[in-house]
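For reference, the structure discussed in these notes is given below.
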Amino acid sequence: MQVIIDFVGDQFLNADLKVFTAFQKNSPAPAKGKTNTAKPTSSVSIDHWKDQGLKEEFRGLKSAATFKAAKDETLSFTGATGETVWVVGLGDRTKFSAEDLRKVVAKIFRGAKSSKFTKIAFDVPGLNTLKNEVLAVKLMAESMGMTDYTFDKYKSKKSEAVESIVIFSHVEKKNKVNIDKALASVKNLTESINLIKDFVNEAPNVLHSEEYARRIEADVKKNLKGVKVKILNKAAIQKEKMGLFLSVNAGSGYEPRLVHLTYEPARATSKTKHIALVGKGITFDTGGYSMKPAANMAGMKNDMAGSATVYGAFRAAVLEKAPVKITCILAITDNAVNSFATFPDAIVTGRNGKTVEILNTDAEGRLVLADAIDYACDQNPHYIIDAATLTGACLVALGNQVCAILGNDQKWMNEIMDAAKAQDEYMWQLPIINEWRQDIKSKVADIKNIGSPMRAGTAIGAAFIEEFVKNDIKWAHLDVAGVVEAQSHLPYCSAHGASGLIVRTLTHLLVNGK
Ligand code: BES
Ligand code: MG
Ligand code: ZN
């Protein structure tokens with residue numbers, strides 16, 4: 001899909017669908033110093049439309065008289081030259097937000113696609129609540145970039161692609177540089193988001209650990225110039241004494257992989273911040289000997305989504321030439337069973353020398369993260385973020401809309417939550433209290449990998465991981481179990497399959513210096 005910014009209007013003319021927006025009339029005027037010229041027949045504010053002819057046509061419509069421009073109210077008519085025109089209500093101008101724009105544009109895009117329009121043109125709304133049009137164009141392109149995703153590689157019948165989107169700009173042409181820059185950033189971001197959605201959606205018989213690492217390596221080599229790639233195979237992981245990571249891989253037909261990527265900005269100094277991203281990459285989670293019941297097992301191909309999320313953010317941040325040093329560590333294996341698989345009751349030593357009583361082999365994410373985080377600490381980052389589909393308890397606590405954040409440094413967590421807010425992604429902090437740290441003490445080893453049944457599961461998982469953060473490094477843990485899939489409330493995500501959420505938050509954090 002191509003996004004074209006049209007300053008003149010000639011591209012706009014050729015579209016088969018033209019989309020206009022309207023605010024409710026009780027809203028304030030669109031721009032300072034402009035008078036409201038709408039005729040009394042129209043009860044909505046459309047002064048911002050650039051196409052004067054269609055403006056008149058709309059005002060002449062009988063149906064326009066009852067059109068109130070309430071949020072999502074849509075009026076359709078055929079223009080004088082035969083094109084379809086949609087007028088979409090945006091509600092109260094003063095309440096209209098960036099996220100509202102993402103959502104409405106995604107809905108329009110889906111509607112246009114299902115009505116088989118291939119050349120869609122938008123007359124940019126007078127979004128004066130969004131401060132400037134460059135931002136509006138950016139959000140529109142971002143929304144459509146995310147929405148324009150289908151995972152149909154295994155379908156005999158593919159869905160038809162939208163050819164082009166024309167955005168009829170209201171800004172002076174001299175602003176073109178800013179718009180071009182914004183669109184290039186959007187492309188970096190949405191391509192990264194859609195790539196990792198492919199990883200998450202890919203079937204586990206295809207995307208096993210070895211193949212996943214190969215695909216990431218190929219993508220880095222092709223698209224991320226200057227990034228150092230190191231991939232540890234089983235022998236190298238054994239050499240690193242990552243006993244916990246290996247215990248999860250013990251029952252697998254595939255080798256584990258530890259992907260280690262490093263990016264340094266061009267003008268790095270001794271003051272440059274260094275952030276390590278660590279991701280849980282379980283390509284399929286059967287639960288191991290503590291096996292999941294069938295109903296809970298299907299869907300566990302997404303148990304590598306934490307790793308995909310951090311890789312997506314790493315990728316976008318590198319393409320955006322983020323001003324920070326970034327280490328990205330992905331711990332990849334499946335959690336399967338054979339006669340070598342780890343038994344519940346096993347006692348295993350981690351890379352940092354701590355012994356762990358593995359009482360439940362389904363609490364495997366924390367085991368792979370434990371060794372990966374200890375390894376990440378040895379790269380001397382100032383900050384660590386790990387992302388993992390760690391606990392079903394996270395869905396109980398926060399539903400499938402909110403990402404949980406826990407950690408050892410409030411300021412660091414606040415910065416991440418601020419980034420989430422800036423990107424309109426839901427994130428909420430859960431505590432780690434000392435009592436829960438006590439709950440993972442083992443009678444026979446240093447710690448055990450589960451706490452009391454049905455008690456604060458998400459925080460127990462975080463308390464376990466915290467044991468492996470060393471050198472007082474500031475660390476935050478994101479439990480993305482709920483948000484990586486099925487976001488039916490967000491029209492720019494698919495109703496089923498990978499959501500690509502949290503990539504925006506992390507990219508924002510990295511690109512803005514942290
Ligand atoms: N991958 C699961 C967590 C999960 C469950 C993610 C449902 C998404 C949806 C994780 O490895 C797991 O099995 N966790 C256990 C931990 C328990 C054994 C302490 C869980 O949540 O039941
Ligand atoms: Mg599990
Ligand atoms: Zn898991």
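The values are calculated or read from the model by the stated rules, or taken from the named source; none is laboratory data. Note that the structure is a prediction, hence the values are computed from the model and not measured. All Cβ positions, glycine included, derive from the backbone under ideal geometry; neighbour counts span all protein chains shown. Calculation scope for accessible area: heavy atoms of the full protein, side chains included, ligands and nucleic acids excluded. Shrake-Rupley method; radii C 1.70, N 1.55, O 1.52, S 1.80 Å.
Which one of these does S307 not meet: (1) away from ligand 1 (no atom under 16 Å from the Cβ); (2) crowded, with 24+ Cβ neighbours inside 10 Å?
Tallying (1) away from ligand 1 (no atom under 16 Å from the Cβ); (2) crowded, with 24+ Cβ neighbours inside 10 Å, S307 fails exactly one: (1).
Within the set of pairs 6+ apart or on separate chains, which have a first residue in segment 303-319 that is more than 13 Å from G500 (Cα to Cα), a second that is within 14 Å of ligand 3 (Cβ to nearest atom), and C-beta atoms under 6 Å apart?
Close Cβ pairs (under 6 Å, with a partner that is within 14 Å of ligand 3 (Cβ to nearest atom)) amount to D303/I282; D303/D285; D303/T389.
List every residue pair whose Cβ atoms lie under 7 Å apart, where the two residues are 6 or more positions apart in sequence or sit on different chains, the first residue falls within segment 404-426 and is without any contact (Cβ under 8 Å) to a residue 60 or more places away in the chain, and the second residue, located anywhere, is of a type in the set (D, E, K, R).
Final answer for the pair search is none.
Quick grid of which residues meet (1) surrounded by 12 or more Cβ atoms within 10 Å (Cβ to Cβ); (2) at pLDDT 80 or above:
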residue: G33; (1), (2): no, no
residue: N36; (1), (2): no, no
residue: V44; (1), (2): yes, yes
residue: W49; (1), (2): yes, yes
residue: L54; (1), (2): yes, yes
residue: L61; (1), (2): yes, yes
residue: T66; (1), (2): no, yes
residue: A69; (1), (2): yes, yes
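Looking at (1) away from ligand 1 (no atom under 16 Å from the Cβ); (2) open to solvent by 40 Å² or more (accessible area, probe 1.4 Å), find the lone condition where A294 falls short.
The number of the failed condition is (1).
Scan segment 442-480 residue by residue and report those that are farther than 18 Å from G365 by Cβ and either in contact with a strand residue (DSSP E or B) (Cβ under 9 Å, 6 or more places away or on another chain) or not in a loop (DSSP other than H, G, I, E, B) (or both).
S442, K443, V444, A445, D446, I473, K474
Considering each of N338, N352, N360 in turn, give the residue that is within 12 Å of ligand 3 (Cβ to nearest atom) and in contact (Cβ under 8 Å) with a residue 24 or more places away in the chain.
The conditions single out N360.
Report whether or not A393 is within 11 Å of ligand 1 (Cβ to nearest atom) and either assigned by TED's automatic domain parsing to the domain that holds S97 or surrounded by fewer than 23 Cβ atoms within 10 Å (Cβ to Cβ) (or both).
yes
Does segment 294-305 contain any residue that is in contact with a Pro (Cβ under 8 Å, 6 or more places away or on another chain) and small (G, A, S)?
no
Restricting to segment 223-264, name every residue that is under 22 Å from the mean Cα position of the chain (by Cα) and either more than 23 Å from N335 (Cα to Cα) or open to solvent by 70 Å² or more (accessible area, probe 1.4 Å) (or both).
Within segment 223-264, N223, L224, V227, L261, T262, Y263 meet the criteria.
Any residue in segment 147-160 that is open to solvent by less than 10 Å² (accessible area, probe 1.4 Å) and either closer than 23 Å to K103 by Cα or charged (D, E, K, R) (or both)?
Going through segment 147-160, the residues open to solvent by less than 10 Å² (accessible area, probe 1.4 Å) turn out to be 147.
From what's left, either closer than 23 Å to K103 by Cα or charged (D, E, K, R) (or both): 147.
Within segment 147-160, one or more residues are open to solvent by less than 10 Å² (accessible area, probe 1.4 Å) and either closer than 23 Å to K103 by Cα or charged (D, E, K, R) (or both).
Tell me which residues, restricted to segment 469-487, are of a type in the set (A, V, I, L, M, F, W, C), crowded, with 21+ Cβ neighbours inside 10 Å and either more than 17 Å from V324 (Cβ to Cβ) or at pLDDT below 95 (or both).
V469, L478, V480, A481, V483, V484
Might you check whether a residue that is in contact with a Phe, Trp or Tyr (Cβ under 6 Å, 6 or more places away or on another chain) and either touching a residue at least 12 places away in the same chain (Cβ under 8 Å) or among the charged types (D, E, K, R) (or both) occurs anywhere in segment 433-445?
So far as segment 433-445 goes, yes, one or more of its residues are in contact with a Phe, Trp or Tyr (Cβ under 6 Å, 6 or more places away or on another chain) and either touching a residue at least 12 places away in the same chain (Cβ under 8 Å) or among the charged types (D, E, K, R) (or both).
Among the residues of segment 426-441, which ones are in contact with a helix residue (DSSP H, G or I) (Cβ under 8 Å, 6 or more places away or on another chain) and assigned to a strand (DSSP E or B)?
Of segment 426-441, the ones in contact with a helix residue (DSSP H, G or I) (Cβ under 8 Å, 6 or more places away or on another chain) are 426-433, 436-437, 439-440.
Scanning segment 426-441 gives M427, W428, Q429.
So which residues in segment 282-302 are within 23 Å of K197 (Cβ to Cβ) and more than 10 Å from ligand 3 (Cβ to nearest atom)?
Those that are within 23 Å of K197 (Cβ to Cβ) and more than 10 Å from ligand 3 (Cβ to nearest atom): T283, N296, M297, A298, G299, K301.
If I ask for residues that are charged (D, E, K, R) and within 12 Å of ligand 1 (Cβ to nearest atom), which ones from segment 356-390 would you list? Steps first, please.
First pass over segment 356-390, keeping only residues charged (D, E, K, R): 357, 362, 364, 366, 371, 374, 378, 386.
Selection gives D362, E364, R366.
Do any strands (runs of 3 or more DSSP E) entirely within segment 222-337 hold 3 or more residues that are within 27 Å of G353 (Cβ to Cβ) and within 16 Å of ligand 2 (Cβ to nearest atom), and if so, which?
Because the criterion is at least 3 residues that are within 27 Å of G353 (Cβ to Cβ) and within 16 Å of ligand 2 (Cβ to nearest atom), the strands (runs of 3 or more DSSP E) in segment 222-337 that meet it are 274-285, 325-335.
Under 7 Å between Cβ atoms, at least 6 apart or on separate chains: pull out the pairs that start in segment 224-241 with a residue that is over 12 Å from L258 (Cβ atoms) and end on any residue that is acidic (D, E) and open to solvent by 70 Å² or more (accessible area, probe 1.4 Å).
none
Considering every residue within segment 79-98, establish whether at least one is within 25 Å of Q2 (Cα to Cα) and in a helix (DSSP H, G or I).
Yes, the conditions are met somewhere in segment 79-98.
Can you tell me how many residues within segment 282-324 are more than 16 Å from the chain's Cα centre (by Cα) and within 14 Å of T389 (Cβ to Cβ)?
Adding up the residues that qualify gives 11.
Residues checked against (1) farther than 30 Å from R102 by Cα; (2) of a type in the set (D, E); (3) touching a strand residue (DSSP E or B) at 6+ places or on another chain (Cβ under 6 Å):
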| residue | (1), (2), (3) |
| --- | --- |
| D198 | no, yes, no |
| P204 | yes, no, yes |
| E217 | yes, yes, yes |
| V227 | yes, no, yes |
| I231 | yes, no, yes |
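Suppose we keep only residues that are among the polar types (S, T, N, Q) and closer than 18 Å to E191 by Cα within segment 488-502. Which one would you say is modelled with the highest pLDDT?
Residue satisfying both the conditions and the ranking: S499.
Does S143 meet the test of being of a type outside the set (D, E), open to solvent by less than 10 Å² (accessible area, probe 1.4 Å) and either at pLDDT 95 or above or part of a helix (DSSP H, G or I) (or both)?
Criteria met by S143.
Which residue pairs have Cβ atoms under 9 Å apart, sit 6 or more places apart or on different chains, and have a first residue in segment 93-110 that is of a type in the set (G, A, S) and a second that is part of a helix (DSSP H, G or I) and open to solvent by less than 40 Å² (accessible area, probe 1.4 Å)?
Once the first residue is of a type in the set (G, A, S) and sits in segment 93-110, its partners that are part of a helix (DSSP H, G or I) and open to solvent by less than 40 Å² (accessible area, probe 1.4 Å) give S97/L130; A98/L130; A98/A136; A98/L139; A106/S143; A106/M144; A106/M146; A106/T147.
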